[in-house]
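Chemist: Got a structure for you, questions after.
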Amino acid sequence: MKFSKGAGAEHSAEAYPTSMRGTAHGLIAALGKCGGVAGTFAFTHASDTLGVKYTFIVGGCLASLGILCAAFLTPNTRVLTLAEIDEDWKAYLEQQGWTGVIGDQ
């Protein structure tokens, strides 16, 4: 997923440290599929209740809310390299008492 903000682009992959990136993307993909199933049922119910016109208005408002959440709640990682994000994550884990190994070390 790419979300363009100004002249640069933010990638959701850069919001997670390397050690948890695959798991986070898998979870997001699964939640997206669940949302697709729920949306199918919700659209049918909403169009029967509200009518198609207002169903699309509500859907557009929810999509706009999602864009705002993505724009303002996703951390800005453009100023950090992936290595710096990984180091910040490792420092956080060590502060919490974690003593394991990340990667092939």
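Chemist: Go through the range 46-72 and report how many residues are modelled with pLDDT of 85 or more, among the aliphatic types (A, V, I, L, M) and under 17 Å from Ala15 (Cα atoms). Walk me through it before giving the result.
Modeler: Looking only at the range 46-72, we keep the residues that are modelled with pLDDT of 85 or more, and these are 46-69, 72.
Still in the running and among the aliphatic types (A, V, I, L, M): 46, 50, 52, 57-58, 62-63, 65, 67-68.
Next, only the ones that are under 17 Å from Ala15 (Cα atoms) stay: 67-68.
Within the range 46-72, residues that are modelled with pLDDT of 85 or more, among the aliphatic types (A, V, I, L, M) and under 17 Å from Ala15 (Cα atoms) number 2.
Chemist: Another one. Pick from the range 59-76 the residues that are of a type in the set (A, V, I, L, M) and over 10 Å from the mean Cα position of the chain (by Cα): which of them is farthest from Ala46 (Cα to Cα)? Before the answer, list the steps.
Modeler: Going through the range 59-76, the residues of a type in the set (A, V, I, L, M) turn out to be 62-63, 65, 67-68, 70-71, 73.
Adding the requirement that they be over 10 Å from the mean Cα position of the chain (by Cα) leaves 62-63, 65, 67-68, 71.
Details: Leu62: 13, Ala63: 16, Leu65: 18, Ile67: 22, Leu68: 23, Ala71: 27 Å.
Checked the range 59-76; the qualifying residue farthest from Ala46 (Cα to Cα) is Ala71.
Chemist: Just name the residue that is surrounded by the most Cβ atoms within 10 Å (Cβ to Cβ) out of those in the range 68-89 that are part of a helix (DSSP H, G or I) and free of Cβ contacts under 8 Å to residues at least 40 places away in the same chain. Working first, answer last.
Modeler: Quick first cut of the range 68-89, residues part of a helix (DSSP H, G or I) only: 68-73, 82-89.
Now restrict to residues that are free of Cβ contacts under 8 Å to residues at least 40 places away in the same chain: 68-69, 72-73, 83-84, 87.
Details: Leu68: 10, Cys69: 10, Phe72: 7, Leu73: 7, Ala83: 9, Glu84: 11, Glu87: 13.
By that ranking, first place goes to Glu87.
Chemist: Only residues that are aromatic (Phe, Trp, Tyr) and either touching a helix residue (DSSP H, G or I) at 6+ places or on another chain (Cβ under 9 Å) or surrounded by 10 or more Cβ atoms within 10 Å (Cβ to Cβ) (or both): list them for the range 15-54, please. Spell out how you get there, then give the answer.
Modeler: Start the filter on the range 15-54 by keeping residues that are aromatic (Phe, Trp, Tyr), which leaves 16, 41, 43, 54.
Scanning the range 15-54 gives Tyr16, Phe43, Tyr54.
Chemist: Also: Can you tell which of Glu10, Glu14 is in a helix (DSSP H, G or I), of a type in the set (Asp, Glu) and at pLDDT below 90?
Modeler: Values: Glu10 fails: in a helix (DSSP H, G or I).
None of the others qualify; the one that does is Glu14.
Per-residue answers, yes or no, for (1) under 22 Å from Val101 (Cα atoms); (2) under 18 Å from the mean Cα position of the chain (by Cα); (3) not in a helix (DSSP H, G or I):
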{"site": "Arg21", "(1), (2), (3)": "yes, yes, no"}
{"site": "Ala30", "(1), (2), (3)": "no, yes, no"}
{"site": "Lys33", "(1), (2), (3)": "no, yes, no"}
{"site": "Thr40", "(1), (2), (3)": "no, no, no"}
{"site": "Thr44", "(1), (2), (3)": "no, no, no"}
{"site": "Ser47", "(1), (2), (3)": "no, no, no"}
{"site": "Tyr54", "(1), (2), (3)": "no, no, no"}
{"site": "Ile57", "(1), (2), (3)": "no, no, no"}
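Chemist: Then there's this: Using beta carbons and a limit of 6 Å, which pairs, at least six apart or on different chains, have the first residue in the range 22-36 and among the aliphatic types (A, V, I, L, M) and the second one surrounded by 11 or more Cβ atoms within 10 Å (Cβ to Cβ)?
Modeler: Short answer, once both residue conditions are applied: Ala24/Tyr16.
The values are calculated or read from the model by the stated rules, or taken from the named source; none is laboratory data. Everything numeric here is computed off the predicted structure, so don't read it as measured data. Note: ideal-geometry Cβ built from the backbone for every residue, glycine included; neighbour counts use all protein chains shown.
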